[in-house]
Structures are given as C-alpha cells and as structure tokens.
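Right, one structure below, let's go through it.
The values are calculated or read from the model by the stated rules, or taken from the named source; none is laboratory data. Remember, it's a predicted structure, so these values are computed and weren't measured experimentally. Cβ: placed from backbone, ideal geometry, glycine included. Neighbour counts: every protein chain shown. The area values use the complete protein model at the heavy-atom level, side chains included, leaving out ligands, DNA and RNA. Shrake-Rupley method; radii C 1.70, N 1.55, O 1.52, S 1.80 Å.
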Amino acid sequence: MNSVLNMCRPRSYKSTDKMSDLICENYALLQVLSRFGVSLGFGDKSVREVCEMNGVDCNTFLIVVNFLTEENDRMQDHLEELSVPALMTYLKNAHHYFLDFQLPAIRKKLIEAIDCSGENEVAFLIIQFYDAYVNEVRKHMEYENEKVFVYVEQLLRGEHPEGYSIGVFARHHDQINAKLTELKNIIIKYYPASGDNQLLNATLFDIFSCEEDLASHNRVEDYLFVPAIMELEKEAK
C-alpha cells in the first residue's frame, strides 16, 4: 500500500535535479521560470546552477515550485529559507504577465471569436463581463503593487510603518473569480453556435487556464507570502 501511495504523490524537486526535467514533467512550471526571470536554453544544468546563472534565490524557487506541484493549501515547512525579495519579484512579474499580456490577449481573441455587432446582445454581455472582471483584477493587483509591496519594502529596510499590517491584506484577500465564473457560464450556456467555433473554444480554454493560473497565484500569496511577511513583522518589533 505504501508503495502505491508513494507513486501517487507528486515529486518533490531538489536543487540537484535537472531544470529541463522540471519543465518536461510539468510544463506549467514554465510560468514559474518566467516570473523568476529565468531564461530558457540551460541545457542539462541543475536547478541550482540555472538559478545561480540567473541571479535567482534557489531555495525560494524550489519552495514555490514544490508548493505549486503539490497542489495543497498548507504552509511550507521551510519558510525560514524563503527570500522575501525574491518572492516579491516573482509576484510582481506575475502581475505584469496577467495585466499586460494574458488578460489583453484573451480579450483580443474574444472579440475575434464572437459577433460584436450591435444586434448580438449576448456578445455585448460577454465583453462587458470580461471588462468588469479585468478591472477587478487590475484593482486587486494595483493595490498589492502600490500598498502591500511598498509596505514590505519598508519592513525590509528596517522601518516600522504604523497603521498597517499584512493581516489587513490577508483578511481582505478575496478570490477574484466570481465574474469569471459568470462569464464562462454565459459563453457555454447562452452564446449561440454559428459556423466554426474553434476560435471561441480556444478562447474559452484560455479563460479556464487563466482562472487556474490566478488561483495558483493567490495560493502563493496566501500560504507563502503572507506567512513570510508575518515572520518579518515579528522580527521588526
């Protein structure tokens, strides 16, 4: 029985593993590489070697990778090994990816995939819902960029900002997926089929993928970033 359970458990990656193996075994980790600023073309080098080449904290990289591949909602056991500046770089790059690349790209595909003529009310509703969702995501991430990360940078400089704590962020860190769920339901249930729907199906696939990516991003913030900042706050007192 134990051997069967071990086979079902996700692999825990180590610094001596080949970086190429991580990507070949879980292509979603390409996003993690990109958000840590790691370039491709690393041959058969190990995780540690690639991280050192790119100036990335290896422990933080592995904590994020193993947290995401384990797909659970528990705090990691080795948060003391985590670099807060490295994790903030990861989170900031993720925000840039969502706001400046992925969400605009999905909107462009949506407009190409549906009939946006004035006569199609469902198409208008789809775009309206999508824009409302993007505005919600933008507001959420800009708050983190302008308030939360600035606060953490002050802590890292040894300053003790008054009137704010990471607990304020954690208590209001709601999941920004309600509008996206409604959008998917409108497309799936009510958008009338017309001709070749391959582009619309591909766009819907991108929306599902984006939703999963955002959920993973929020989990990193809730179970890695927030606990790490709580420890930083204790040290600052």
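What the table shows:
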| read-out | value |
| --- | --- |
| Verdict on Gln175 being open to solvent by 70 Å² or more (accessible area, probe 1.4 Å) and either within 18 Å of His95 (Cα to Cα) or modelled with pLDDT of 90 or more (or both) | yes |
| Residues of segment 6-63 that turn out to be β-branched (Val, Ile, Thr) and outside any helix (DSSP H, G or I), as a count | 3 |
| Residue match in segment 147-158 (condition: in contact with a Lys or Arg (Cβ under 9 Å, 6 or more places away or on another chain) and either in a helix (DSSP H, G or I) or open to solvent by less than 80 Å² (accessible area, probe 1.4 Å) (or both)) | yes |
| Test: Asn26 is without any contact (Cβ under 8 Å) to a residue 60 or more places away in the chain and over 30 Å from Leu204 (Cβ atoms) | no |
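A quick yes/no check of all residues on (1) touching a residue at least 60 places away in the same chain (Cβ under 8 Å); (2) open to solvent by less than 70 Å² (accessible area, probe 1.4 Å); (3) within 19 Å of Ala132 (Cβ to Cβ); (4) touching a helix residue (DSSP H, G or I) at 6+ places or on another chain (Cβ under 7 Å):
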site: Ser165; (1), (2), (3), (4): yes, yes, no, yes
site: Lys179; (1), (2), (3), (4): no, yes, yes, yes
site: Leu183; (1), (2), (3), (4): no, yes, yes, yes
site: Ile187; (1), (2), (3), (4): yes, yes, yes, yes
site: Ser209; (1), (2), (3), (4): no, yes, no, no
site: His217; (1), (2), (3), (4): yes, yes, no, yes
site: Leu224; (1), (2), (3), (4): yes, yes, no, yes
site: Glu233; (1), (2), (3), (4): yes, yes, no, yes
